[in-house]
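This report refers to the structure that appears directly beneath it.
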Amino acid sequence: MPTEIVLSRRVALVKERLSAELATVVEELVTAAATGGSARSLELGTWKALMKLGRLLLAALFAVRCERAMLSVMERRGHDPDTARVRTDADYHLTLTTTFGPVRFPAFAYRYPAEVGTTTYADARTEVFPLVPRCRSSELCLEWESRLGSLHPFRNAQNLLTFFTHGEVALEDTTIARHAVRVGNLIDQRWLYQAPEEFRRILQERATRDARTDQPIVYMSSDAHALRRYVNESWTDQWKMINGLRVWCVDKDRGNIIHIGGQFTCGDAAYLRDVVRQLIASGYLPADGDFGDGLVATYVFVADGMPWIADQLISQFPGVIAILDAYHVLQHIAEYGRTRFKSGSIQRNEFYEQVKRLLFGPRGAASTPRSYGPRKGHRKGKKAARATTADLSVLTPDRFPAGEALLKHLETVDDKSECHKKLVNYVTENAYRMDYVMYRASGFQIGSGAMESLHRTGSQARLKRAGARWLPETLEAMFNLRMLELAGRWDEFFAQPDLWQRLAHRFVDTAYVTYRGPWNSDSTG
């Protein structure tokens, strides 16, 4: 029988069954309303009816997909559909957990009597639902599980999934964890950053610009925080450092952070070095800042004074503006002041203020320019807006960079203590990235607050919980899921046409899949 006739008959049957079911449901709801049913019970009843109708419709749609796949398999094998014996009995049905609840439908296996033996071909099932039998959640349900698992503890995700589906979906928290980890470990790191074409658009249209060169500014930073993690086969947990990387711009009109991308990892400094190398090699972050077609960006890498950041990351960008986070500098100054002077003494306050003037110039001079007006909201916008153009006149040829000026001042201090030596060494090692007067006159941010704040949203809000201990593979998966959403590429990732075939390989092994590095070979971005 031609496929068009089979499909038209199936559509007619689906319409007939849905119409009959709808008529019954409507009659029951109208009767309940007429007999004094509460508004709440009527709304709940309507939801239950819609979920039931949705399951019926999905069962028919899934069956049509399997039937079409079966006919396609027959054509490839040269089997005559009129001769084949289709198996739609209970042994050849599938049950999937969908966002409407469990749905059961025929998977359309078949036998071909003309062949020797009694082989039953069930290719349609695996072609349409490649995750079966390792995973019996539908594609959308698996996506919902991953989203909820990345935002909430798995037990809460279990309860929320049941809540959002009006009680129709009941999955164990361990199932949600297993599914979310496999999806998360499939996410290639390139998905954690804006697509190159979107990045270019942001640079051209929205990013703030270097006051000296009029080039768009791209900020980068790296920092770490601690999480409890299992470290060996004896299930001993320890506090381990989680390294983070972020790339961002600042909106020239509103002043808010534009997240370009970033990630967290259990990997060490060498691992992050390789991540940056791949970002450069793939064209996401060209080392010289040249994005082609005349679009050249100014790179600003603002971070603390950890030596590995300069050696492993900053060194990969030849023309980068390296900035030592001003807050960390002031922390070191304050620590020295507490050691040398009495608490609250005039000498301590004078020393601190003198250092601030050396670092940042006179109060009010060379303030960071912005082209946007004062922010609106409660008690905001009452102060005058800052200057819209930078005061570059402070950048005179005979000016000492702030780091050198501070170092010369410290050398004049009559102090032989170890604390003084420690501060002098710190300033000496980082003086080349402490020219704050120039940074502020150029319009650069001089603090790594954008990186620090990412710890909370990208990692800690989900993973740093009382009693939580993590496997490295689970950590990486949760990091990837959260950062995928922050990059705004969630829908794009789950819309990949071959995603479910690639994900099927991740469900073959019953153990957690080991995370294999920053650029998985079986993923595209």
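The values are calculated or read from the model by the stated rules, or taken from the named source; none is laboratory data. Predicted model only: the values in this text are computed from it and were never measured. So basically every Cβ, Gly included, is an ideal-geometry build from the backbone, and we count neighbours across all protein chains shown. For the accessible areas, the whole protein counts, side chains as well, though only heavy atoms, and no ligand, DNA or RNA atoms are used. Shrake-Rupley method; radii C 1.70, N 1.55, O 1.52, S 1.80 Å.
Computed quantities for the displayed model
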| item | result |
| --- | --- |
| Selection status of Ala226, touching a Ser or Thr at 6+ places or on another chain (Cβ under 6 Å), open to solvent by 10 Å² or more (accessible area, probe 1.4 Å), over 28 Å from Trp500 (Cα atoms) and aliphatic (A, V, I, L, M) | no |
| Checklist (1) closer than 23 Å to Leu29 by Cα; (2) buried (at least 18 other Cβ atoms within 10 Å of the Cβ) applied to Phe105, failing item | (1) |
| Any pair with Cβ under 6 angstrom, 6 or more apart, that starts in segment 197-209 at a residue that is of a type in the set (Lys, Arg) and ends at one that is surrounded by 18 or more Cβ atoms within 10 Å (Cβ to Cβ) | Arg200/Phe291; Arg209/Pro216 |
| The one condition in (1) out of contact with any helix residue (DSSP H, G or I) (no Cβ under 9 Å at 6 or more places or on another chain); (2) part of a loop (DSSP other than H, G, I, E, B) that Arg178 fails to fulfil | (2) |
| Selected residue (only one of Ser150, Ser146 is in contact with a His (Cβ under 9 Å, 6 or more places away or on another chain), outside any strand (DSSP E or B), open to solvent by less than 30 Å² (accessible area, probe 1.4 Å) and among the polar types (S, T, N, Q)) | Ser146 |
| Looking only at segment 471-518, and only at residues there that are open to solvent by 60 Å² or more (accessible area, probe 1.4 Å), of a type outside the set (S, T, N, Q) and assigned to a helix (DSSP H, G or I), the one that is modelled with the lowest pLDDT | His505 |
| Residues located in segment 438-470, provided they are touching a Leu at 6+ places or on another chain (Cβ under 9 Å) and in a helix (DSSP H, G or I) | Met438, Ala441, Ser442, Met451, Leu454, Thr457, Gly458, Ser459, Gln460, Ala461, Arg462, Leu463 |
| Flag if Arg363 is at pLDDT below 85 and either surrounded by fewer than 20 Cβ atoms within 10 Å (Cβ to Cβ) or polar (S, T, N, Q) (or both) | yes |
| From the options Gly244, Gly255, Gly261, Gly305, residue that is open to solvent by 10 Å² or more (accessible area, probe 1.4 Å), under 23 Å from Gly488 (Cβ atoms) and in contact (Cβ under 8 Å) with a residue 40 or more places away in the chain | Gly255 |
| First in segment 478-492 and more than 16 Å from Ala157 (Cβ to Cβ), second anywhere and modelled with pLDDT of 95 or more and surrounded by fewer than 19 Cβ atoms within 10 Å (Cβ to Cβ), Cβ under 7 Å, 6 or more apart | Leu484/Trp490 |
| Index of the failed condition, Gly283 passing every other in (1) without any contact (Cβ under 8 Å) to a residue 60 or more places away in the chain; (2) out of contact with any Phe, Trp or Tyr (no Cβ under 7 Å at 6 or more places or on another chain); (3) surrounded by fewer than 17 Cβ atoms within 10 Å (Cβ to Cβ); (4) of a type outside the set (Asp, Glu) | (1) |
| Residue tally, condition surrounded by fewer than 20 Cβ atoms within 10 Å (Cβ to Cβ) and either in contact (Cβ under 8 Å) with a residue 24 or more places away in the chain or among the aromatic types (Phe, Trp, Tyr) (or both), over segment 292-302 | 2 |
